[in-house]
Every structure is written in C-alpha cells, then in structure tokens.
C-alpha cells in the first residue's frame, strides 16, 4: 500500500494550465488510500477574459509630457559616497584617513579630510548608480 502511494506521488505532475490542478492531489489524499486529510480546494476553471481582468494592471505614471514607466532606483551606497555640486561636479572623499595613519603629519591628515572631484573615468559609473543626479 505504501509503495503504491509512493509511486503515485512520484508520478504526480500538476500543470499550471490544468482546469483543476488539485484534483490529482485530492484523490491521493482521500481516506480510501489510507491517508486521513482534509479535502483539498478545487480551483474553478477561468476563461481568458477573467484571467486578464484578475491580472494586476501595469503601473503607468502619466506626466505633463506624456506617459512614463517605472522609476529608476538610485544605489544608496553610491548616494552616500558621492556628493554632486550645484555646477554638476562629483565630489569624493579621499582615501587613507580611516586607520594606520598615526605616522602621518597633522597637515596630511587634515588635507585627507577634504573632498576632491571624482575622475572623469568614474563619471559614467556614477551616472549609472545615480540616475537622477545632474552630473556635468
């Protein structure tokens, strides 16, 4: 009896297109097979029109200049590392101020605290991370 049930379970395939996908599982869980279980829900068959109505509508933002799709997300780690000036320059912190700097002079450590402009090679990468930043 148990081997018959295992064979049925291993060959059970539920299709997403089937009208009643739980019918096969309901037959397996019946008391005739020796398994005491609650009856499984049986899904009603839906027409294509009902399926289209039940599907969530696509998000569409309508602006003054026309319809728009989804908004782009900015990468928060990049937003914390880079500052964009009013003229569009990208400012970055200097490296080397965190630790292992007791042998450096005060002047060097003070100058490491100032921000510098990012290199031109990194600007395209930063533009990809911050889609709404006005980078010159």
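One table, with the values for the structure above:
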read-out	value
Residue in the stretch 60-80 that is in contact with a strand residue (DSSP E or B) (Cβ under 6 Å, 6 or more places away or on another chain) and exposed (fewer than 11 other Cβ atoms within 10 Å of the Cβ) present	yes
Residue tally, condition in contact with a helix residue (DSSP H, G or I) (Cβ under 9 Å, 6 or more places away or on another chain) and surrounded by 14 or more Cβ atoms within 10 Å (Cβ to Cβ), over the stretch 85-136	11
Cross-chain or 6+ apart pairs with Cβ under 7 Å, the stretch 90-111 first and more than 27 Å from residue 125 (Cβ to Cβ), then at pLDDT below 95 and in a loop (DSSP other than H, G, I, E, B)	109/97; 109/101
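The values are calculated or read from the model by the stated rules, or taken from the named source; none is laboratory data. None of the values given here were measured: they were computed from a predicted structure. Here the Cβ is made from the backbone with ideal geometry for all residues, glycine too, and neighbour counts use every protein chain on show.
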